[in-house]
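One structure below.
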Amino acid sequence: MKKIVVINGHPSQESFNSAIAETYIHSASVSGAEVRYIAIGSLKFNPNLQFGYWQRMELEPDLVKALEDIQRSEHQVWIHPVWWLGMPAVMKGFFDRAFLPGIVFKSDKKGNSEGLLNAKSARIITTAGDLSLKVYEDEYQSSGLIQLKKGILEYCGVSSIENHFIGPLYELNEKDRKEWLDTIKGLATADSL
């Protein structure tokens, strides 16, 4: 049974990102995967890493549980909207507070680092309200994707990362959204094998 964790970075549980997460979870579960869900916007934690790395803040219980789910998983599914060409503040705060040295990566005094989330794959599903994939790639060089894929996940040892961009959402009608959710069902089924 494949262990999958779905992480929704949208702060609102009424968003299309939540519909994507629910669709993915249902399809993966029906396909035999063991799925855990992290709705970052519902977690209770201080997103501000107020001391940087020089003084460790105590991890709140929600962050401890989320880290356990991420570390236990074989496959991660990160879902988030593009806001200001990056991720929502609460999602960035989640990484700042939970993805710490000694937990998801380690480094030595010479600047060498090693990811601790090895042997895990990931899928990134990004939505954008008024941004097309062409503009995101051509004008903005997929800046938010690079931050999450290269700067966070690959740095922490995650490999085999696939990504999908859905947008502009404002141009999608109900039929378009249903077609995207059908695509998500297929991705979840494939990931469960």
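A few notes on this one:
- Of all residues in the stretch 27-50, those that are open to solvent by 60 Å² or more (accessible area, probe 1.4 Å) and among the hydrophobic types (A, V, I, L, M, F, W, C) total 1.
- The listed residues are GLN71, GLN76, and the only one of them that is open to solvent by 10 Å² or more (accessible area, probe 1.4 Å), under 24 Å from ALA33 (Cα atoms), in contact with a Leu (Cβ under 8 Å, 6 or more places away or on another chain) and touching a residue at least 40 places away in the same chain (Cβ under 8 Å) turns out to be GLN71.
- Only one of ILE125, ILE166, ILE146, ILE103 that is β-branched (Val, Ile, Thr), closer than 22 Å to GLU68 by Cβ and out of contact with any Cys (no Cβ under 8 Å at 6 or more places or on another chain): ILE103
- SER159 fulfils the conditions (1) open to solvent by less than 30 Å² (accessible area, probe 1.4 Å); (2) within 28 Å of LEU116 (Cβ to Cβ) except for a single criterion, (1).
- Checked against (1) part of a loop (DSSP other than H, G, I, E, B); (2) under 21 Å from GLY102 (Cβ atoms), ASP69 passes all but condition (1).
- Just one of the numbered conditions (1) of a type outside the set (Lys, Arg); (2) open to solvent by less than 50 Å² (accessible area, probe 1.4 Å); (3) at positive phi is not true of GLN141: (2).
- Residue, farthest from the chain's Cα centre (by Cα), within the stretch 51-66, restricted to residues that are surrounded by fewer than 18 Cβ atoms within 10 Å (Cβ to Cβ) and assigned to a helix (DSSP H, G or I): PRO61
- Condition check for ALA28: part of a helix (DSSP H, G or I) and over 16 Å from the mean Cα position of the chain (by Cα): yes
The values are calculated or read from the model by the stated rules, or taken from the named source; none is laboratory data. In this text, all values refer to a predicted model and were calculated from it rather than measured experimentally. Note: ideal-geometry Cβ built from the backbone for every residue, glycine included; neighbour counts use all protein chains shown. Surface areas here come from the heavy atoms of the whole protein model, side chains and all, with no ligands, DNA or RNA. Shrake-Rupley method; radii C 1.70, N 1.55, O 1.52, S 1.80 Å.
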